[in-house]
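Colleague: Have a look at the structure that comes next, please.
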Amino acid sequence: MNMGMDMSKVKGTIINFIVPLICFSASLLLIIFIIYPSISGTQKAKDELNAQIQKKLSLEEKVLKLKKLVDFKTMLDENSGLIDKVLVSEANVPQLLDEVFQIATNSGMKISRLSYSFGDTTAAAETKGSGSQPTSQVGNVAVSLAGDVSYDQMIVLLENMENAARAITTEDLRYSKNEEGVLSTSYSIGSSFLFVQSNAVTDEPVELDVTDPNFTTFINKIKALKYYEFQNPNIAVIETKQTTPSVTTP
Amino acid sequence: MQDLNLLPQEELSAQTEVKAVKLSTIFSILFLVIIAGVSGYLYYRDYNHKKEMEALGSNIVSLQSEIQSMASVEVKARNLDKKYFALTQIFSKQKVYSKLLKEIRYRQPLSVDISEFNLRISQIDISGTADNYISIAELINNLLNKKFSGGVSGLEGLFTSVSLNSVSMDETQNNIRYFIVVSFNEELLK
């Protein structure tokens, strides 16, 4: 009897508080399913949005740069061709030796030795921050040249080497004067070659600007270099087995 | 005068219950309204964010496809950029030794002859003969003269030190043999 009265009392109370109970339950559901996930994900959503905006901006910038490059495609092709003459993609030893031979003979040198050796070919370090992960291999050919010249001819020879289209660097130079006053000279010459094969990476920026004043100055400098046509495929040269340290240009 | 409450205890309890129900109903409805408002705002904000992300995404996809259509130019530009970078490094290390040889000739007194010359990194070994000791001193002084005016412009301070390693008289030839080591500033030859 008592038990039945208590139950009806509880029932009555629940019925009386039905509206607050429903309201609180609905509020709880809204907090659990909408407010909490939304607030806890706010920072992440902001970060995602910022990242997307940044990506869009960088892609827009890249599109503009590429469109500019397309507009200057002729110049781009021409510049690529010029640079390929200065920094070749393969060792091309016969052409290199021919260039040295022509420079030496044009300067008046009586050549007594012309030999070469290969340095190690290594994968180039990725020092340029474009992130394109190219396949790059850098190598070095060491040329040893010796012959008789006068002092003036030696200066002309060095000037010609400094202005030669295929980049060569004089690393060592020595001479001794004989009794007739002729200089017996010898030179250690180095020439790098670099094989680069880049891939198109859509999301990575392109840094090259063909209208940049520094780049234009650089291209003008290259244009002023003298290109030696390959003339003497049968010049007498010796390959020495001595190896030189690898070059670590990128 | 004190108020007298003549209502029975049960009636009082019923009134309290009604009051509690009323208050809790108002409070819970208000609470629900506030929560619903906040939820609505957050839902609207998230919906907008989602829409914005979708718009950005489609924009990015169209930009990416535009970039892909110019892939051949991109590859060429990247190759050129790599070689440009490598060449600027090579050029920055290249030394103009022809200027160094000119500078030595300008500073070499006529009474001094150079018979052996060995150029290495930042250093040259020079040996030869001179008419007398004064000529050797003149050569050394000329090399170290930072205000030498008869040479290549910009190379006044090229030679940084000269060390006289040996000097001896050659009585048969009636001249003086010398051997010097000259250090120079490679940066001026770039």
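Colleague: Which of (1) touching a Ser or Thr at 6+ places or on another chain (Cβ under 8 Å); (2) surrounded by fewer than 16 Cβ atoms within 10 Å (Cβ to Cβ) is the odd one out, the single condition B:SER69 does not satisfy?
Modeller: All conditions pass for B:SER69, except number (1).
Colleague: Facing chain B (nearest Cβ under 10 Å) and buried (at least 19 other Cβ atoms within 10 Å of the Cβ), is that true of A:LEU66?
Modeller: Yes: the conditions hold for A:LEU66.
Residue-wise test of (1) of a type in the set (Lys, Arg); (2) within 15 Å of A:LYS110 (Cα to Cα); (3) at pLDDT 90 or above.
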residue	(1), (2), (3)
A:VAL143	no, no, yes
A:ASN160	no, no, yes
A:VAL182	no, yes, yes
A:THR185	no, yes, yes
A:SER188	no, no, yes
A:THR211	no, no, no
A:LYS223	yes, no, yes
A:GLU239	no, no, no
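Colleague: Being modelled with pLDDT under 80, loosely packed, with under 15 Cβ neighbours inside 10 Å and not hydrophobic (A, V, I, L, M, F, W, C), is that true of even one residue in segment A:190-201?
Modeller: yes
Colleague: Now a separate question. A:ASP152 versus (1) crowded, with 18+ Cβ neighbours inside 10 Å; (2) not in a loop (DSSP other than H, G, I, E, B): which is the lone unmet condition?
Modeller: With (1) crowded, with 18+ Cβ neighbours inside 10 Å; (2) not in a loop (DSSP other than H, G, I, E, B) applied to A:ASP152, the lone miss is (1).
Colleague: A further question follows. From A:LYS46, A:LYS56, grab the single residue that is exposed (fewer than 14 other Cβ atoms within 10 Å of the Cβ) and not assigned by TED's automatic domain parsing to the domain that holds A:ALA142.
Modeller: Among A:LYS46, A:LYS56, only A:LYS46 is exposed (fewer than 14 other Cβ atoms within 10 Å of the Cβ) and not assigned by TED's automatic domain parsing to the domain that holds A:ALA142.
Colleague: Moving on to the next point. Could you grab the pairs with beta carbons closer than 7 Å, sequence gap of 6+ or different chains, first residue in segment A:135-161 and more than 8 Å from every other protein chain (Cβ to nearest Cβ), second one basic (Lys, Arg)?
Modeller: Listed pairs, sorted by first residue: A:SER144/A:ARG113; A:LEU145/A:ARG113; A:ALA146/A:ARG113; A:GLY147/A:LYS110; A:ASP148/A:LYS110.
Colleague: Still on this structure, please answer the following. Please enumerate the residues belonging to segment B:85-128 that are within 8 Å of chain A (Cβ to nearest Cβ), of a type in the set (Phe, Trp, Tyr) and surrounded by fewer than 21 Cβ atoms within 10 Å (Cβ to Cβ).
Modeller: Of everything in segment B:85-128, those that are within 8 Å of chain A (Cβ to nearest Cβ), of a type in the set (Phe, Trp, Tyr) and surrounded by fewer than 21 Cβ atoms within 10 Å (Cβ to Cβ) turn out to be B:PHE85, B:PHE91.
Colleague: Look at segment A:26-83 and say how many of its residues are of a type outside the set (Lys, Arg), touching a residue at least 60 places away in the same chain (Cβ under 8 Å) and assigned to a helix (DSSP H, G or I).
Modeller: Number of matching residues: 10.
Colleague: Quick check on A:ALA104: is it in contact (Cβ under 8 Å) with a residue 40 or more places away in the chain, touching a helix residue (DSSP H, G or I) at 6+ places or on another chain (Cβ under 8 Å), surrounded by 14 or more Cβ atoms within 10 Å (Cβ to Cβ) and more than 10 Å from chain B (Cβ to nearest Cβ)?
Modeller: yes
Colleague: Only one of A:LEU29, A:LEU59 is modelled with pLDDT of 95 or more and over 20 Å from B:LYS82 (Cβ atoms). Can you tell me which?
Modeller: The unique qualifying residue is A:LEU29.
Colleague: Determine whether B:GLU52 is surrounded by fewer than 19 Cβ atoms within 10 Å (Cβ to Cβ), at the interface with chain A (Cβ under 7 Å from one of its Cβ atoms) and charged (D, E, K, R).
Modeller: yes
Colleague: Tally the residues that are part of a strand (DSSP E or B), free of Cβ contacts under 8 Å to residues at least 40 places away in the same chain and under 25 Å from B:LYS102 (Cα atoms), restricting the search to segment B:163-190.
Modeller: Looking only at that region, the number is 5.
The values are calculated or read from the model by the stated rules, or taken from the named source; none is laboratory data. Note that the structure is predicted; figures quoted are calculated from it, not measured. A quick note on method: Cβ atoms are made from the backbone with ideal geometry, for glycine too, and the neighbour counts reach across all protein chains shown.
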